[in-house]
Amino acid sequence: MAERNPRWAFARTTAFRVTLLHLVLTLAGTALVGGVAWWVTAGFAMRQAAQEIERGMGVLLQSGALSGARGVALSIEARLAADRNGQEYYLLAAPDGQRLAGNLSGVSSERGWREGAIRLPDGGETPVLMYAQPLPGGGALVVGRDLSAARALEQRLLASAVWVGGAVLLLGLAGGLLLGRSVARRAAAMEASLASVQGGDLDHRLVVGRGGDEFDRLAARINATLDRLQTLMSALREVTDDIAHDLRTPLTRLRQRLDEAARAPDPATIAAAQAEADRLLEIFAALLRIAQVESGTQRAGFAPVDLSAIAESVAEVYAPAAEERGQTLATAIAPGVMLTGDPALLTQMLANLVENAVRHGRSGGRIGLAITSDEVVVSDDGPGIPEAEREKVFRRFHRLDASRSTPGSGLGLALVRAVAELHGMEITLGDAAPGLRVRVALPRAA
């Protein structure tokens, strides 16, 4: 297949094709306007000449009815004498075809309209519109009008239409070429930028102009997509590193337990190995759960949910755990807070938040769970989270305890954010002075 000439790439752009279509429609509109102008001007001149002929014919026929052929002849002579511009033509023919009066000769006396060219005394010719009418006693009467002015007007209109049509065609083509080249250049620049990204330069971005047209908006949207893609790629690398780091220790312990069990089978060793395997399975289950939530596939099963009832159940479940640590679980749950969502995921989100508050809150302290129609707030009076770490804790496997000496996998808040985003919620971490305050802004009812 032959390669296309890149210099003519603009001719294959949608903008150029739209310009050509617009040009065709413009030419069609120009032709329509020209036709109307023709009908109004040149057509009017023809209709006016026909009306004058009909009026003249009527007057002459009336004269013939009153005075006979002699009266018609006298009327014709009077009209010719009064015609200073020489634009009127008449013929009164006898029954044998001989001319009795008028300035026409050699024309047909058969009834009806006709156009013809008659020879002038100076040797030239002029177009004439004529109408012939047989007379009751024999013979015929022909009345005509000079069409030179109408034909000259038609020629001027035709010349003007040619010039206007040519100008519209040239300007339209020039505009199409300029627009097509401009679009081709911008599309080529966007294609080159995307090719750089495809080649591995994820930091490269498209140029966004200040005009704010559709190309600028498209470039801004693509840049936002690339930003999101780069963020996801960075998060994927971090998750991969975290998985390798967090799973190495339990896998190593599991291997050691299995080696010990292989050397000397012992129920306690086997039970410890099973516990390590269960912990690994829980981590992978949590990862799969987060991936499933982030895919958005569960939106199809959304239904009206009583968030207040879910919160009451979660508080009831975690009250004993808070009591074991001497904590007070205080609730302020507004009744009948409804939203559309997945009840299981919303239960998991609230459970994770309350569990984190119980686990990291101060022994003997206070845990708060409040729900209004606008937000969910979970707070504790523990050590809290430094402001620099508040965004990082939503990452998979990120933990403030870098040594991993405390229990947990670092996936709880990652799942909380995934569930919140799935339901159109916004989650933020703040300072409870002391402790941590987690606020989940609920979506407004449609």
Take the residues in region 427-441 that are closer than 12 Å to LEU413 by Cβ and touching a residue at least 40 places away in the same chain (Cβ under 8 Å), then tell me which one is farthest from the chain's Cα centre (by Cα).
LEU436
With respect to the numbered conditions (1) assigned to a helix (DSSP H, G or I); (2) closer than 30 Å to LEU61 by Cβ; (3) modelled with pLDDT of 85 or more; (4) small (Gly, Ala, Ser), which one is the sole condition not fulfilled by ALA132?
(1)
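In this structure, is ALA322 more than 25 Å from ALA418 (Cβ to Cβ) and touching a residue at least 40 places away in the same chain (Cβ under 8 Å)?
Numbers: more than 25 Å from ALA418 (Cβ to Cβ): yes; touching a residue at least 40 places away in the same chain (Cβ under 8 Å): yes.
Criteria met by ALA322.
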Would it be correct to say that VAL314 is modelled with pLDDT of 90 or more, closer than 19 Å to VAL416 by Cα and of a type outside the set (Ser, Thr, Tyr)?
yes
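Mind listing whichever residues of region 391-446 are closer than 25 Å to LEU251 by Cβ and at pLDDT 75 or above?
Going residue by residue through region 391-446, those that are closer than 25 Å to LEU251 by Cβ are 392-393, 395-415.
Answer for region 391-446, where residues must be closer than 25 Å to LEU251 by Cβ and at pLDDT 75 or above: LYS392, VAL393, LEU413, ALA414, LEU415.
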Applying the selection to region 142-168, what residues are in contact with a helix residue (DSSP H, G or I) (Cβ under 6 Å, 6 or more places away or on another chain) and either at pLDDT 85 or above or not in a helix (DSSP H, G or I) (or both)?
VAL143, ARG145
Identify the single condition in (1) surrounded by fewer than 15 Cβ atoms within 10 Å (Cβ to Cβ); (2) part of a helix (DSSP H, G or I); (3) modelled with pLDDT of 80 or more; (4) more than 21 Å from the chain's Cα centre (by Cα) that ASP203 does not satisfy, given that it satisfies every other one.
(2)
Looking at region 23-30, can you tell me whether even one residue there is at pLDDT 80 or above, on the phi < 0 side of the Ramachandran plot and part of a strand (DSSP E or B)?
no
Going through region 95-129 one residue at a time, which ones are modelled with pLDDT of 85 or more, surrounded by fewer than 16 Cβ atoms within 10 Å (Cβ to Cβ) and of a type in the set (A, V, I, L, M, F, W, C)?
LEU100, TRP113
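The values are calculated or read from the model by the stated rules, or taken from the named source; none is laboratory data. Values in this document were obtained by computation on a predicted structure and should not be read as measured data. Backbone-built Cβ (ideal geometry, glycine too); neighbour counts: all protein chains shown.
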